[in-house]
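See below for the structure under consideration.
No lab work stands behind these numbers, since they all come straight from the coordinates. Since this is a predicted model, take the numbers as computed values, not measurements. Here the Cβ positions follow ideal geometry from the backbone for every residue, glycine too, while neighbour counts run over all protein chains shown.
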C-alpha cells in the first residue's frame, strides 16, 4: 500500500470538491471490500481516498407507488433484506444474496457493487486493465477460462463483476450521479457500463469527480428473476448469471429483457433473446429458444467456450424462475 | 510391575475413547498463540522482495531507496544466487517499524533483471527432457496381444496444487545475548535448528525453538527455509525481534507444490473382468527439480503384467514439497480412474469389478471387508447403476464411485519424559509438535491411561527443542512415535512409584496397579492407596523417567505397526447443463491399528475428506504460460471447499481386536488419498462420460459431455 491522504467529508458537495478531475488521482471509498485490496496490491495508488461513510444522505431505501430508490451507500445486506426490494424485484434480491459472503454483504454497498473493478487475474496481477504486455493481449493468448465470450473483438476481455448491474438493466433502473457544485445527472442503467479503450478509462460512465448517489428502480409490474451459475456454495464469483424481466398480457410475453452477467466487459443485453420471447407463451420450449437467441453472436476465447453453454442454461432457468415467482 | 503392552479393551479408561481436544477451548477462544500471533517488544515487520519473472538473471539490487524510507531498520539482499528460476524466488528483504512501511520499502527495492524465456507448461509429455524412468514386470506386450482379453485406454491428469496452509509459513525471530529465539510454524521442532545455526552464525545449542500451535503443514513445513535464515540475519542486524510471515500469494507460489501427474494408461482384462495387464506412461512436473512418477498401478500391484514409464518435466515453478501422502493421491487417481473405465467398458458393476480383482492387492481380506462396509453405509445396493444409466431423468444426474488406498504409518523415533511430582501432579514433555491434529490430547490420553489418572491430572508440554527429541511429523509417523515413547516413560515412572508403595505396603510392585486414581493391590483390590498419598512417599525427589521408541523394536513389541487399508465411496450429482458437480455424500472406511483417540482419528478422516473434495472439485495452480506468473495466487480463484460444498460425510473406523492387536499406526495421510478417484468415478457413473482431469470444474465437465455427445 502506498501512503495516501484520507478524507471523510460530511456531505456530497464537500466530497465532490475533494475528488480529482482525473482518474487514478483520487478514489472513492464506500464499503472498501474491493478498494482496500486494490490499494494493498497497488492496483490503485491514489493520492487521496475520499470516504463516503459520514454522508448519511447516501444511505437508505425509499419506496412509493412508482419506484424504489436506493441510496448508493446502502449495504448489500440492507438491500437484500428490504421488503419492497423483495416484493417487486426478486431478481435484485436474489442477485444480492448470491454474493453469499456475510462479510461482503454487511460491508459492501449497492453503489460499490456497480463501481467495483474487474476481477480479471491479469489485471489483478499487474498487467493493466486490458491485460496487455506491450501490444499483445496476455488474455487472448493466455488463460482466459473466466473471461468474456461477447465483445471479444475489443481489447477489453475482462468480465464486469457487478452482481446487480444485469438485473438493474433488465428492470430499466436509473442511476443518479452528482458532480462538483451540486451538478446532478441521471444515467439509465443500460448506459451506465462502458467498454474502456485504454488502461486509463473506467468501466462505467461516471466522471472522476462524480459520485453515484442513488439507484431508482421503477415499479412496473414486470416479472423478474436472476439465475446464477457458480461453483462454490459460499462466496465465489459466478461463471455466468442471467437476469430477466418481462410483462405478460393474456398469457403472452411482452417487453422481455434478458441481460447476462460475467460474459462481457459490461453486463450484456441480449436484445434478440428478448425479441425471441415476445408475443409467445412462456414454456420450456420458449425458454430454450430464448436461451439459444441469447448466445447468438458469442465469440468465446481459446478456453471459455463452455461459458456459452452455461449462459444458455442461466437464461432458461432465469425465465422459468421468473414464471414460477 | 506395570507393562508397556497396550491394555486390553476392558481395561481402558481413556485409550480409544472419543475425547475432545484438551486445547480445544484455547483455539475456540483465540487464546492459542500461533507464530503470527507472537508479538515481541520492539518487534519489526519484515517483507520479502521476490522475482516477478519465472526465469531471469539478477544484474543488480539497489536497496538505497528502501533504506532511506523512514522506519526501515534492516535490509538483506541475496549475494550468492542471482539465478531466478521461478516467480516468487526471494531476492531481498526489508524490516521496518510497521507492516505498511515494510511493504512500501519492499516496493522501493530496485532490481534489474536479464529476462529469459521461461517454461511452465507440464501437460505435454514431449516437454520432458530428462531420461525416462522405467519399471516393468511380466510381459505387457504379450498380455495386450491376447485375443481373449479386452482392452481400455485413456488419458488422465491431476494438476499441480499448493498446500495452502491456512497459517502461512514464517516465524518470529529474536536475538538476545547472542542466543537466538525463534517461534516458527514447523512440523519439525526437534530438528528445526539442524543447519539454521550455521546459516545465521549462532551455534545450534544457543537456538531456542518454540512452536505451540500450528495452522497446518501437510508436509510443507519441515525446513526452516530461506525466510528462517533471513529472519535470523535481520534480527542480528537490527538488534530487534523480526516477524516474517509469508503473504498468501507467496504461500501459494513458493511454500509448497504437489507435483502434477498426467498419464496415458492401457488396461487389459479377461472378458469376465479379471485384470491381466496395465501399461502406463506418466509425466508431470515437480518444479525445477527431478520427478518421481507416482505408483501406477496403485494398490493393484499384483496385476501380472505391468509397465510404468515416468517422464519428468522441469519447469520454472516453485519447488515441490511433500504433500500429505506424497504421490499416493496421484497414483490412486490415475489407477482407479483407468480401472473404473475398464469396468464400464465391460458393462460391469464397479463394486463387483473391484471385488473380483481385490486378490491382485496386498490385502485382499482387508479391502473386501472394507468395500462391503462402505457399500452398506452408502446404500450401494439401492443406488448403484451402470455408468450413465439410471442417474435420473432431469439435467441433474446422480452416481456412485469408489476407490481404495494404502499407506505406511510406522511411528518415528521418539523420546519423551514423564515426571511424577511428590504432590501427585504429572508432567509430560516431548520435543514433538501438534499440527492441529490433537497430539497434545493423545499424549495426555496415553500418560493418564498408564498412570490410572484423569486427563486433567497430567500436564503436557511440547513444541520446544529443549524437550526430549521426537521425530518430524511427516509420513503419518507422529502418533506411532509419541504414543510409544510416552507410554514407556509413563510406565517406567509408574514402576518407580510402585516400588515405593510396595515397600510401604509389604507387597511386591508386581502385585500393584494404578487404576482410577488409586494404587491397588491386584490380589486384594481393597488394599489401596490414593495416588496423591502414594506420591507423598517420594519425599522431596520427583520421579523423572524417559521413554524411547525405536521403530523396529517397538514394532517387535507389537506396540506399533505399518500398513493400512482404506476404502472410500462418493455419491455425487452432476448438472449436465452447467457442469457443476455436487457432493451428496462421502463414506470413508479406514483401518489404522489401535486408535488412541477415536474422536480426533475421525476428525483426521473428516478433514482429509474435505481436503480431498477440495482438490477434486476446485484446486489447481493456474500459471500463465508466457510469463510464468501464477494467476490464482490468492484465495479468490485458488478455491477451497466451504462447509456447504462437502455434502454429508460418514466415517467408519475399523476397531476390532484384530485391528487393535497390531498396535498404533499413523492415520494422517491415508484418508486423503482416495477422494479424487472416488469422486471422479462417481461423476463418470452419473453422467456417462469420463471427465479425465481434476479438478472437476464446469469447463472440464462440459467439454467431456460434448465429446461424449451427452450435453443436454
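Remarks
- Cα gyration tensor category, rounded, prolate or oblate, for chain B with a/c compared to 1.5: oblate
- Within chain B, antiparallel bridges make up roughly 75 percent of the DSSP beta bridges whose residues both belong there.
- Shielding score for B:578-590, defined as the mean number of other chain Cβ atoms within 10 Å: 2
- Relative contact order for the stretch B:400-512, counting Cα pairs under 8 Å that sit 6 or more residues apart, in percent: 34 percent
- From least to most packed, judged by other beta carbons within 10 angstrom and beginning with the fewest, A:246, B:36 follow the order B:36, A:246.
- Using the rule -39500 (n - 2.57) for each DSSP H run of four or more residues, divided by the residues of the protein assembly as shown, the 222 nm mean residue ellipticity is -8000 deg cm²/dmol.
- In terms of other Cβ atoms within 10 Å, A:79, B:333 run from fewest to most in the order A:79, B:333.
- Antiparallel bridges, percent of DSSP beta bridges restricted to the stretch B:410-556 (to nearest 5): 75 percent
- Cα centroid separation, the stretch A:68-99 to the stretch B:226-302 (Å): 46 Å
- Computed on chain A, with alpha-carbon pairs under 8 angstrom and 6+ residues apart, the relative contact order is 18 percent.
- Using C-alpha pairs under 8 Å with a sequence gap of at least 6, the mean separation divided by the residue count of chain B gives a relative contact order of 17 percent.
- Measuring r between the beta carbons of residue B:661 and residue A:197 and using R0 = 51 Å, the FRET efficiency lands at 0.10.
- Span from the the stretch A:148-216 Cα centroid across to the the stretch B:349-399 one, whole angstrom: 53 Å
- Extension gain from residue B:643 to residue B:556, taking 0.36 nm per residue of separation minus the Cα-Cα distance: 27.1 nm
- Gyration tensor (alpha-carbon) shape descriptor, the stretch B:410-556, a/c threshold 1.5: prolate
- Per-residue mean of foreign Cβ neighbours for A:231-241 is 5 (Cβ atoms of other chains, 10 Å radius).
- Shape of the stretch B:565-712, Cα gyration tensor, a/c cut at 1.5: prolate
- For A:301-308, mean number of other protein chain Cβ atoms within 10 Å: 3
- Neighbour counts of C-beta atoms inside 10 Å place B:167, B:619 in the sequence B:167, B:619, starting with the fewest.
- Cα centroid of the stretch A:268-295 to Cα centroid of the stretch B:579-610, whole Å: 46 Å
- Taking packing as the residue-averaged number of other Cβ atoms within 10 angstrom, the listed peptides B:468-476, A:52-60, B:664-672 run from highest to lowest as B:664-672, B:468-476, A:52-60.
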